[in-house]
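Questions regarding the structure given below will be posed in turn.
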Amino acid sequence: MVAGRIILLGTRDCPGFAEPCVFGAGAYDRAGELQCSRMFHSFDYPDETEDNKLASNFWDSKLVDV
């Protein structure tokens, strides 16, 4: 069996843990589409925008069983 592995989700301050999974044996299998929530994506800094303002970008996350 393959051991789990520590992953970093953007920075060291956001660690995660990934391990092998068995497809078909989880709570979310055959769940269809689950809306998760709105999540922060990134910043647009003033020197990168046309109106010289700081802007934050979000996206609506979802899990889709395909």
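Every number in this text was worked out from the coordinates using simple rules, so none of it is lab data. Because the structure is a prediction, the values reported are computed rather than measured.
Output the relative contact order of the chain, whole-number percent, from Cα pairs under 8 angstrom with separation of 6+ residues.
Value for the chain: 27 percent.
Where a ≥ b ≥ c are the square roots of the eigenvalues of the C-alpha gyration tensor, would you call the chain rounded, which needs a/c under 1.5, or, failing that, prolate if a/b is larger than b/c, or oblate? List each step's numbers first, then the result.
Values: a/c = 4.64, a/b = 1.74, b/c = 2.67.
Judged from the Cα gyration tensor, the chain comes out oblate (a/c at least 1.5, b/c at or above a/b).
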